[in-house]
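Data block below; observations after.
All of the numbers you see were taken from the coordinates with simple rules; none came from a lab. All values derive from a computational prediction rather than experimental measurement. Backbone-built Cβ (ideal geometry, glycine too); neighbour counts: all protein chains shown.
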Amino acid sequence: MSYHGGFPHHGDPSGRGARPRPGTLPGPARARGRYTWRYLDTDESARLWDEVTDWVWWLRDRYELTERIPRCWYRHGPVVEEFTALFASWSEAYGGESGLSRWHSQDLWPLIERLEVIAGFEQCQADGCSHDSGFLHTPEGTEAVMEPLVDSSGRDADEQVSTVDAMVVGVVDESVMLSAVVSGEATALDAGLPHGRYRLDGRLWTWSSILGGYVPSRDTHRTLRALES
């Protein structure tokens with residue numbers, strides 16, 4: 001057992017040790033804000049992850065940054081922290097309806113300019129992304145939910161998916177799902193409900209607001225059996 005910062009880390013001479021569960025580390029009260037990943041509990045980190053990732057997808061589209069912010073951004077711990085800070089400053093600026101121009105000139109564009117230095121995205125796009133520090137303080141299972149966004153080459157799923165073959169990367173666009181229903185390939189299980197569940201290719205698909213599409217449910221077999229009984 002080794003110690004780093006006063007906390008035991010079993011079986012890791014580097015001192016890094018096993019990753020702590022969200023909310024298990026003590027910390028000074030002044031550091032326990034809603035944006036402080038290190039000290040959030042599981043529910044808080046899940047809520048913040050949803051907020052930040054949803055906002056970054058919007059940011060990429062709104063500011064035409066899809067070439068500068070690849071989809072693997074969330075795998076990079078420093079980038080998650082930077083975007084969390086940017087989201088916090090954006091919330092403050094737009095919530096108060098003042099300082100909007102300053103947010104763009106002092107926060108947004110300087111960060112975009114230094115992203116490559118922080119993350120090395122160019123290497124990711126060439127060789128795929130092997131980073132995982134972005135998941136350090138997220139709830140268990142977050143990586144499995146997010147991973148369909150990027151294939152092994154690091155290319156955007158958007159560049160490759162146009163039909164129901166989207167299943168190979170795990171995300172099905174809403175228009176694709178509706179087309180599958182019309183063709184008889186998919187069945188709506190919650191008719192009349194927005195973003196209801198679907199059965200497609202023997203699997204249950206549910207809506208993900210984070211990914212902006214339908215993803216396979218982990219409880220496919222259990223849920224389908226219940227629906228059919």
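With a cut-off of 10 Å between beta carbons, the residues surrounding Thr187 carry a summed charge of +1, where Lys and Arg count +1 and Asp and Glu -1. Between amide H atoms placed 1.01 Å from N, distances below 5 Å from Ala186 occur with Val181, all of them 5 or more places distant or on a separate chain. Evaluating 6.51 cos²θ - 1.76 cosθ + 1.60 at θ = phi - 60° for every residue in the stretch 85-96, the Karplus couplings come out as 5, 5, 5, 4, 5, 5, 4, 5, 5, 7, x, x Hz, glycine and proline recorded as x. The fewest-to-most ranking of Ile112, Ile69 by surrounding Cβ atoms within 10 Å reads Ile112, Ile69. Over all orientations, the stretch 81-142 has a Cα convex hull whose mean projected area works out to 5.4 square nanometres.
In order along the stretch 189-201, the phi-based Karplus estimate (6.51 cos²θ - 1.76 cosθ + 1.60, θ = phi - 60°) of 3J(HN,Hα) comes to 9, 10, 3, x, 9, x, 6, x, 7, 9, 9, 8, 6 Hz; Gly and Pro are listed as x.
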